[in-house]
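K.L.:
Okay, handing you the structure first.
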Amino acid sequence: MIIRHNGLILAFDVDWDTKRSIVFLRGIMDLIDAVKVGWLQLLNIGPNGIKELTSGINTYFLADIKLGDIAHINEYVIRRLRDLGINGVIMHAVTGRENLNGVAKLSRDLGIDIFLLISMSSGGELYDLNLDYNVKLGTELGIAGFVVPATKPNIIRRVRSMVGNNYQLLSPGVGVQGGKPGCATASGADFEIVGRSIINSESPREVTLSILSAIKDPRC
Ligand code: XMP
C-alpha cells in the first residue's frame, strides 16, 4: 500500500544516470508519495542502477513495466524486482486469471503490491469493453489496487463505485496526455501520476507544488 500524504506519484521517465536521478529526486521528495520507474531505468541504468536508486532514496518505488507474461515468468520478475527494492508493480489484467493467480499470492507473501492495469489513458478499447470483468478479477485476486486513466474520469468513478475504499486507484495521464491536475483524484483516484509536466519543467518544484494545489482544491 502506498501511504498517501500528497496524492502524487512521479512518473520518473528519464534516461539519466543514478547520480543525476538522485539529485533530482531529493529536490522534490517531500512533495511526492512514490516514484514510478520502469523501462527507461531498466534499459539505461539497469537493475544495479535501480537498486542504487531504491537504496539512495527513501520512498515507495513502483515498477511500471506493465508485466503480462505467463505465470512462471511473472513470478520470476516479481521476485527479482523485490530484490531490487521495488515495492509495487503494475501488471496487465489482460493475461487473465491463470497467469495472475500465482503471482498475486506470491506478491502478498513477499510484501510487494500488484496494481492491475484495467484501462489505458490512450486507446485501450479492448480493456474498456471488459472493465467490469477485469475489476472483479482484481478483487478476487486480492491485489493492492488498479491503474485507471485520468483521461477517462467516468472509468475512475465506475471503478471506485465497484471497489469501495479497499483498493488504491492510481491515475496516469495528467498533464501532457490531457488530464487536468486534480481532476482524477476529484473523480475518485487516490493518486495522480505525473511525469513530463514535472520532469521537463525548468522549475520542477514549482510545477509539483502547483499540481498539489490542484489536488487539494480541484477545479474540474
Ligand atoms: P506523463 O509524462 O504523460 O507520463 O505524465 C505518464 C506515465 O504514466 C504511464 N502511463 C500509463 N501507465 N496505464 C499505465 O499503467 C496507462 O494507461 C498509462 N498511461 C500512461 C506512462 O508509462 C508514463 O510513465
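K.L.:
So, with a 1.4 angstrom probe, what is the percent of accessible area on segment 8-216 that is carbon and sulfur?
P.N.:
Details: 4690 of 9200 Å².
Taking all protein chains in place, segment 8-216 shows 51 percent carbon and sulfur surface.
K.L.:
Tell me, what ³J(HN,Hα) does each residue in segment 79-94 have, in order and in whole Hz, if you take phi through Karplus 6.51 cos²θ - 1.76 cosθ + 1.60 with θ = phi - 60° and put x for Gly and Pro?
P.N.:
For segment 79-94, the Karplus-derived couplings read 4, 5, 5, 4, 4, 7, x, 7, 9, x, 9, 8, 10, 5, 6, 5 Hz, x marking Gly and Pro.
K.L.:
Taking the Cα atoms of segment 2-54 alone, what are Rg (to one decimal) and Dmax (as a whole number) in Å?
P.N.:
11.0, 31
K.L.:
How about LYS36: which lysines have a C-alpha closer than 19 Å to its C-alpha, ignoring those fewer than 8 places off in the same chain?
P.N.:
Cα-Cα hits under 19 Å: LYS19, LYS51, LYS66.
K.L.:
Under a straight-distance cross-link criterion of Cα-Cα below 17 Å, which aspartates and glutamates are reachable from LYS180, leaving out those fewer than 8 residues away in the same chain?
P.N.:
Reachable aspartates and glutamates: ASP190, GLU192, GLU206, ASP217.
K.L.:
Same structure, new question: Work out the FRET efficiency for GLU206 and ASN44 from their Cβ-Cβ distance, taking R0 = 35 Å, and round it to the nearest 0.05. Write down the numbers at each step before the final one.
P.N.:
Values: r = 27 Å, r/R0 = 0.77.
Computed FRET efficiency for GLU206 and ASN44 comes out at 0.85.
K.L.:
Set the Förster distance to 22 Å, then compute FRET efficiency between VAL176 and ASN154 from the Cβ-Cβ distance, nearest 0.05.
P.N.:
Values: r = 21 Å, r/R0 = 0.95.
Approximately 0.55, to the nearest 0.05.
K.L.:
If you don't mind, another one. Rounded if a/c is under 1.5, else prolate if a/b beats b/c, else oblate: with a ≥ b ≥ c from the C-alpha gyration tensor eigenvalues square-rooted, which is segment 43-84?
P.N.:
On the way: a/c = 2.20, a/b = 1.94, b/c = 1.13.
In terms of gyration-tensor shape, prolate.
K.L.:
Starting from the 7 Å offset along Cα-to-Cβ, what nm value, one decimal, do you get for the label separation of ARG97 and ILE3?
P.N.:
So the two model labels end up 3.7 nm from each other.
K.L.:
Hey, another quick one. Which residues' amide hydrogens lie under 5 Å from the amide hydrogen of TYR60, considering only partners 5 or more residues apart or on another chain, with H built in the peptide plane?
P.N.:
VAL35
K.L.:
Give the Debye-formula value of log10 I(q)/I(0) at each listed q (0.16, 0.22, 0.26 Å⁻¹), with one equal scatterer per alpha carbon of segment 109-162, two decimals each.
P.N.:
Once normalised to I(0) and log-transformed, intensities are -0.45, -0.79, -1.05.
K.L.:
Quick one: which of 181-187, 199-205, 90-96 comes out on top by average Cβ neighbours within 10 Å, and what's the full order, highest first? Before the final figure, lay out each step's value.
P.N.:
Numbers: 181-187: 23.6, 199-205: 12.7, 90-96: 20.6.
So the order, starting with the most tightly packed, is 181-187, 90-96, 199-205.
K.L.:
Okay, next question. For ILE114, list long-range residues whose amide hydrogen, built 1.01 Å from N in the peptide plane, is under 5 Å from its own amide hydrogen.
P.N.:
VAL89, ALA144, GLY145
K.L.:
Heavy-atom accessible area per residue, the chain, 1.4 Å probe: how many Å²? Write down the numbers at each step before the final one.
P.N.:
Details: 10170 Å² over 220 residues.
The answer is 46 Å² per residue.
K.L.:
What FRET efficiency comes out for LYS51 versus LEU126 if R0 is 41 angstrom and r is the Cβ-Cβ distance? Round to the nearest 0.05.
P.N.:
After rounding to 0.05, the efficiency reads 0.70.
K.L.:
Output ³J(HN,Hα) for segment 56-65: one whole-Hz value per residue in order, computed from phi by the Karplus curve 6.51 cos²θ - 1.76 cosθ + 1.60 with θ = phi - 60°, and x for Gly and Pro.
P.N.:
Couplings: x, 10, 8, 7, 7, 10, 9, 8, 9, 10 Hz.
K.L.:
So for segment 36-159, Kirkwood radius off the Cα pairs, Stokes-Einstein at 20 °C and 1.002 mPa s: how many µm² s⁻¹?
P.N.:
Details: Rh = 14.9 Å.
My calculation gives 144 µm²/s for D.
K.L.:
For segment 103-220, what log10 I(q)/I(0) values come out of the Debye formula at q = 0.10 1/Å, with one point per alpha carbon and no solvent?
P.N.:
The calculated log intensity ratios at q = 0.10 Å⁻¹ are -0.31.
K.L.:
Right, another one. What are the residues whose amide H is under 5 Å from the amide H of GLY38, where those residues sit 5 or more places off or on another chain and H is modelled from the backbone?
P.N.:
ASP64
K.L.:
Would you compute the Debye intensity of the chain from its alpha-carbon atoms alone, equal scatterers and no solvent, and pass along log10 I(q)/I(0) at q = 0.12, 0.15, 0.18 Å⁻¹ to two decimals?
P.N.:
With one equal scatterer per Cα and no solvent, log10 I(q)/I(0) is -0.59, -0.94, -1.36.
K.L.:
Counting only helical runs of four or more DSSP H residues, what would the 222 nm mean residue ellipticity of the chain come to if each run contributes -39,500 (n - 2.57) and the total is spread over all its residues?
P.N.:
Values: 11 runs with 103 residues, N = 220.
For the chain, the value works out to -13500 deg cm²/dmol.
The values are calculated or read from the model by the stated rules, or taken from the named source; none is laboratory data. Fair warning: this is a prediction, and the values are worked out from it, not measured in the lab. All Cβ positions, glycine included, derive from the backbone under ideal geometry; neighbour counts span all protein chains shown. SASA here: full protein model, heavy atoms, side chains in, ligands and nucleic acids out. Shrake-Rupley method; radii C 1.70, N 1.55, O 1.52, S 1.80 Å.
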